[in-house]
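Comments concern the structure below.
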Amino acid sequence: MTVSTITKMTAPPSTAYKIVDVPEAYADVIKRHGIAGTFVGSAEQESPWVPFGPNAAIRHLLFDTRHNIFSNILWIKSAGVIGTHKHRGTVVMMCLEGSARYLEYDWVAGPGAFIYETPGLIHTLVSDHPNGVKLFGWLQGPLEFYDDNGNFVETVDVWWFINHYESYCREHNIPINKQLYI
Ligand SMILES: [Fe+2]
């Protein structure tokens with residue numbers, strides 16, 4: 001492709017308010033082997049806030065057991081601490097409300113801030129905000145939690161998060177939402 005034939009796309013060209021039939025060479029393969037996406041609405045019936053210690057809750061959004069990926073919103077309800085942990089995988093986070101930071105770093109994440117965490121990081125999450133923080137997270141791989149003295153406490157991974165969600169649903173007669181599992 002020469003420079004002159006490159007189209008500069010400033011925005012998607014399709015503006016018609018309709019479903020467009022797009023060619024796909026492997027449509028039959030995708031039909032047989034593709035995995036549907038998912039959707040979880042904002043209502044509590046679709047995924048409840050599950051307590052995570054006395055001052056926090058987790059709203060589970062997705063479990064991918066093939067890749068040990070789990071997505072959720074972590075809500076620290078007032079100024080407080082989520083314990084020291086070590087990452088064995090990667091984490092993508094976005095601050096939705098309030099603020100949070102790590103004792104180990106000099107930044108503070110407010111609404112709209114983006115956080116990326118990598119294998120090997122060890123840090124302690126805190127919120128100094130009176131209303132705490134809500135953090136959207138897309139997490140891959142296990143995290144290890146440690147106590148105040150640096151003693152290993154437990155590993156949390158996709159199995160831990162599924163159990164956290166399902167145990168709460170069973171105890172409160174809330175139907176398991178299949179949309180959370182891909
Ligand atoms: Fe972390």
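Listed values, structure above:
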read-out: Condition met for residue 175 (within 26 Å of residue 48 (Cβ to Cβ) and surrounded by fewer than 18 Cβ atoms within 10 Å (Cβ to Cβ)); value: yes
read-out: Filter result (away from the ligand (no atom under 13 Å from the Cβ), free of Cβ contacts under 8 Å to residues at least 40 places away in the same chain and surrounded by fewer than 16 Cβ atoms within 10 Å (Cβ to Cβ)) within the stretch 67-107; value: 97, 106, 107
read-out: Residue match in the stretch 29-41 (condition: at pLDDT below 95, surrounded by 14 or more Cβ atoms within 10 Å (Cβ to Cβ) and under 27 Å from residue 141 (Cβ atoms)); value: no
read-out: Residue match in the stretch 108-125 (condition: touching a residue at least 40 places away in the same chain (Cβ under 8 Å) and outside any loop (DSSP other than H, G, I, E, B)); value: yes
read-out: Search result, residues across the stretch 124-152 that are open to solvent by 30 Å² or more (accessible area, probe 1.4 Å) and within 15 Å of the ligand (Cβ to nearest atom); value: 136, 138, 140, 142, 145, 146
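The values are calculated or read from the model by the stated rules, or taken from the named source; none is laboratory data. The structure presented is a predicted model; accordingly, all values stated were derived computationally and were not measured. Neighbour counts are summed over all protein chains in view; Cβ atoms, including those assigned to glycine, are modelled from backbone coordinates with ideal geometry. The protein model used for the area step is the full one, side chains on, heavy atoms only, and it has no ligands, DNA or RNA in it. Shrake-Rupley method; radii C 1.70, N 1.55, O 1.52, S 1.80 Å.
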